[in-house]
Amino acid sequence: MESAYFEPSGPDTYVATPATIGPWSRDAQHGGPPSALAARAIEAHELDERQRLARVSVDILRPVPVGKLTLSARTARAGRRITLVEVLMEADGQEVLVARGWRIERPSGQVPEVPDGEAAPAAIPPPDASSGVLPPIFRRHRDGYLASIEWRFVPPGSSGGRARAVWTRPLLPLLPGEDPSPMSRALLVADSGNGVSAVLSASEFLFINVDLTVTLPRDPAGDWLLLEASTTIGKDGTGLALTRLSDQLGRCGMGMQTLLVAPR
């Protein structure tokens, strides 16, 4: 297994390792690693320790190749209480991804925490307990990105409704010797919501996300993140994957993906 998802290759330049390879093409990355890398750049740009990255919206302009990437960041809206930062990712002279992130000021006084009122998240299953409930796309692809995450699927029905639930834990850092931020960790796995909640056969249909938005009311705690995902598809070939994000303390955020759905 690789040592990280990316290797630094100069100022604002990184080389993707094979651990980023997604399930749709051997030449294209899964959306999670480049989204997480973009979030890292949003947090680092004109750093303000008074603010935290609360929301990131990623638009995937074209498949992100498994190769060299260059990132550039700019402040779209500066402020003491809120700042909007935009990051552009390029590969081989083409724009492949753009991400925008809202950094919001941490309060100087106490703010009451209001939970969502949902039941406590399901317990993390033992390592071998979830092998029988793997979605087909996870059984078909056992290397690249999917092999870089520890997946522990929760038995069907444990999350209520028709959402499919899985506890996730990255086995690699984003960059060598560096712990990813809470937002980067969330983006790294939240982009799998459409695969976790797949309602169509991956051998017969594409259901590729063109974007990813993650909002975190609070930073996730610990290494594990629970994805409770469901997909809705319209007859015109547009899908929507919604993913509730929880740590072992409870809900901590939400992910949303717009899907291109088409027969292969």
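The values are calculated or read from the model by the stated rules, or taken from the named source; none is laboratory data. Because the structure is a prediction, the values reported are computed rather than measured. Here the Cβ is made from the backbone with ideal geometry for all residues, glycine too, and neighbour counts use every protein chain on show.
Of all residues in region 100-113, which are assigned to a loop (DSSP other than H, G, I, E, B) and farther than 12 Å from G250 by Cβ? Step through it out loud before you land on a result.
Looking only at region 100-113, we keep the residues that are assigned to a loop (DSSP other than H, G, I, E, B), and these are 106-113.
Within region 100-113, R106, P107, S108, G109, Q110, V111, P112 meet the criteria.
Can you name the number of the only condition in (1) of a type outside the set (G, A, S); (2) without any contact (Cβ under 8 Å) to a residue 12 or more places away in the chain; (3) buried (at least 19 other Cβ atoms within 10 Å of the Cβ) that N194 fails?
Of the numbered conditions (1) of a type outside the set (G, A, S); (2) without any contact (Cβ under 8 Å) to a residue 12 or more places away in the chain; (3) buried (at least 19 other Cβ atoms within 10 Å of the Cβ), the odd one out for N194 is (2).
Can you name the condition, by its number, that V199 falls short on among (1) in contact (Cβ under 8 Å) with a residue 60 or more places away in the chain; (2) within 26 Å of R264 (Cα to Cα); (3) touching a Lys or Arg at 6+ places or on another chain (Cβ under 9 Å)?
(1)
Can you confirm whether region 160-171 contains a residue that is assigned to a loop (DSSP other than H, G, I, E, B), at pLDDT 90 or above, surrounded by fewer than 19 Cβ atoms within 10 Å (Cβ to Cβ) and not small (G, A, S)?
Among the residues of region 160-171, at least one is assigned to a loop (DSSP other than H, G, I, E, B), at pLDDT 90 or above, surrounded by fewer than 19 Cβ atoms within 10 Å (Cβ to Cβ) and not small (G, A, S), which makes the answer yes.
Does R74 count as within 17 Å of the chain's Cα centre (by Cα) and modelled with pLDDT of 95 or more? Outline the logic, then answer.
Details: within 17 Å of the chain's Cα centre (by Cα): no; modelled with pLDDT of 95 or more: yes.
The answer is no for R74.
Among the residues of region 19-34, is there at least one that is among the aliphatic types (A, V, I, L, M), over 21 Å from G193 (Cβ atoms) and not in a loop (DSSP other than H, G, I, E, B)? Show your work before the answer.
Initial filter on region 19-34 (among the aliphatic types (A, V, I, L, M)): 19, 21, 28.
With over 21 Å from G193 (Cβ atoms) added as a condition, the list becomes none.
No, region 19-34 has no match at all.
Inside region 172-187, can you point out the residues that are out of contact with any strand residue (DSSP E or B) (no Cβ under 6 Å at 6 or more places or on another chain) and of a type in the set (A, V, I, L, M)?
First, pick out the residues of region 172-187 that are out of contact with any strand residue (DSSP E or B) (no Cβ under 6 Å at 6 or more places or on another chain): 172-174, 176-182, 184-185.
Residues satisfying the conditions are L172, L174.
Please pick out the residue among P127, P155 that is outside any helix (DSSP H, G or I), more than 18 Å from R244 (Cβ to Cβ) and either of a type outside the set (A, V, I, L, M) or at pLDDT below 70 (or both).
Details: P155 fails: more than 18 Å from R244 (Cβ to Cβ).
None of the other options fit; the residue is P127.
Quick one: which strands (runs of 3 or more DSSP E) lie wholly within region 209-264 and hold at least 1 residues that are more than 19 Å from A99 (Cα to Cα) and at pLDDT 95 or above?
Numbers: elements: 211-215, 225-233, 238-247, 250-263.
Answer list for region 209-264: 225-233, 238-247, 250-263.
Could you list, in sequence order, the residues of region 40-70 that are outside any strand (DSSP E or B), closer than 16 Å to V96 by Cβ and among the aliphatic types (A, V, I, L, M)? Spell out how you get there, then give the answer.
First pass over region 40-70, keeping only residues outside any strand (DSSP E or B): 40-50, 61-64, 66-67.
Next cut, closer than 16 Å to V96 by Cβ only: 41, 61-64, 66-67.
Correct list: A41, L61, V64, V66.
State whether the residues of region 203-214 include one that is farther than 21 Å from I60 by Cα and touching a residue at least 12 places away in the same chain (Cβ under 8 Å). Walk me through it before giving the result.
Pass one, region 203-214, residues farther than 21 Å from I60 by Cα: 203-204.
Checking the rest, the ones that are also touching a residue at least 12 places away in the same chain (Cβ under 8 Å) come to 203-204.
Among the residues of region 203-214, at least one is farther than 21 Å from I60 by Cα and touching a residue at least 12 places away in the same chain (Cβ under 8 Å), which makes the answer yes.
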